[in-house]
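Novice: Sharing a structure, written as structure tokens. Questions coming.
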Amino acid sequence: MAKSERQQTIFNVGIMVICVVAFLNVLVPVFIKKPKSDTPFDQVTEKTLEGIDMTNYPSQDIQSVRRFFQLDPQHFDQIGFYRTNDAMSADELLIVQFSDPKSADQFKNSVEKRIQDQIDVYSGYAPEQEDTMKKAIIDIYQNYALYVSGPQADRIEQNFINAL
């Protein structure tokens, strides 16, 4: 085999490997989804909040979900929203259950916008709160989603995962 033929073969194999990797990169996430949970909402909420100091997470009404996230509560089966009334605190917790996969996209988009808006608000004058929002957690399963920010976020997320 001549040198140029060998180089061409190596080049072709390299291109094929890149194409296969790119194809798998796009396709694999479509088929690997987090599982659907049959656990009742009340039980998921109870287990998620277990052992959590709720001082910074008092329960809020459905209108607050609409106000802070611009989410239509009718698109969700169940909603639990917890947020301090202190505007200088970035501690928030939102748990939703839904049936329609489009609701997951709405949740994700609205929460990401909320996080960015809060980062922008806190930027420059409340660096601790800005940092809290940068570390906010969004976790979406096929029929449940969680958004949490605050010092207990990691523990709340772990409780949420275990509850499902």
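Novice: Looking only at residues in the stretch 74-94 that are of a type outside the set (Ser, Thr, Tyr) and part of a strand (DSSP E or B), which one is surrounded by the fewest Cβ atoms within 10 Å (Cβ to Cβ)?
Specialist: Within the stretch 74-94, the first condition is being of a type outside the set (Ser, Thr, Tyr), and the residues that meet it are 74-81, 83, 85-88, 90-94.
Checking the rest, the ones that are also part of a strand (DSSP E or B) come to 78-81, 83, 92-94.
Working: 78: 15, 79: 22, 80: 20, 81: 22, 83: 21, 92: 26, 93: 27, 94: 25.
If we take residues in the stretch 74-94 being of a type outside the set (Ser, Thr, Tyr) and part of a strand (DSSP E or B), then 78 is surrounded by the fewest Cβ atoms within 10 Å (Cβ to Cβ).
Novice: Which pairs turn up if I take residues in the stretch 123-141 that are in contact (Cβ under 8 Å) with a residue 60 or more places away in the chain and look for partners that are crowded, with 16+ Cβ neighbours inside 10 Å and outside any loop (DSSP other than H, G, I, E, B) with beta carbon separation below 8 Å, at least 6 apart in sequence or on another chain?
Specialist: 140/104; 140/107; 140/146
Novice: Name the residue, out of 83, 67, that is within 18 Å of the chain's Cα centre (by Cα), over 19 Å from residue 36 (Cβ atoms) and not hydrophobic (A, V, I, L, M, F, W, C).
Specialist: 83
Novice: Please determine, by comparing only the residues of the stretch 95-113 that are within 20 Å of residue 136 (Cβ to Cβ) and among the small types (Gly, Ala, Ser), which one is surrounded by the most Cβ atoms within 10 Å (Cβ to Cβ).
Specialist: It comes out as 103.
Novice: Considering (1) farther than 17 Å from residue 86 by Cβ; (2) surrounded by fewer than 19 Cβ atoms within 10 Å (Cβ to Cβ); (3) among the β-branched types (Val, Ile, Thr), say which one residue 156 fails and leave the rest.
Specialist: Result: residue 156 fails condition (2) only.
Novice: Check off (1) closer than 27 Å to residue 163 by Cβ; (2) assigned to a helix (DSSP H, G or I); (3) at pLDDT below 80; (4) not charged (D, E, K, R) for residue 35 and give me the number that stays unchecked.
Specialist: Failed condition: (2).
Novice: Find all pairs meeting these conditions: Cβ atoms under 7 angstrom apart; at least six residues apart or on different chains; first residue within the stretch 95-111 and in contact (Cβ under 8 Å) with a residue 24 or more places away in the chain; second residue exposed (fewer than 14 other Cβ atoms within 10 Å of the Cβ) and polar (S, T, N, Q).
Specialist: Note: pairs meeting the criteria are 110/70.
Novice: Kindly provide the set of residues from the stretch 116-151 that are surrounded by 19 or more Cβ atoms within 10 Å (Cβ to Cβ) and farther than 14 Å from residue 95 by Cα, ordered by number.
Specialist: 118, 122, 129, 132, 133, 150, listed by residue number.
Novice: Next question, about the same structure. Got a sec? Which helices (runs of 4 or more DSSP H) wholly within the stretch 101-164 have at least 1 residues that are closer than 20 Å to residue 67 by Cα and not basic (Lys, Arg)?
Specialist: Numbers: elements: 101-122, 127-134, 153-163.
Hits in the stretch 101-164: 101-122, 127-134.
Novice: Read through the list (1) modelled with pLDDT under 90; (2) in a helix (DSSP H, G or I); (3) surrounded by 12 or more Cβ atoms within 10 Å (Cβ to Cβ), then give the number of the only condition that residue 23 fails.
Specialist: Of everything listed in (1) modelled with pLDDT under 90; (2) in a helix (DSSP H, G or I); (3) surrounded by 12 or more Cβ atoms within 10 Å (Cβ to Cβ), residue 23 misses just condition (3).
The values are calculated or read from the model by the stated rules, or taken from the named source; none is laboratory data. Everything numeric here is computed off the predicted structure, so don't read it as measured data. Every residue, glycine as well, gets a Cβ built from its backbone with ideal geometry; the counts of neighbours run over all protein chains shown.
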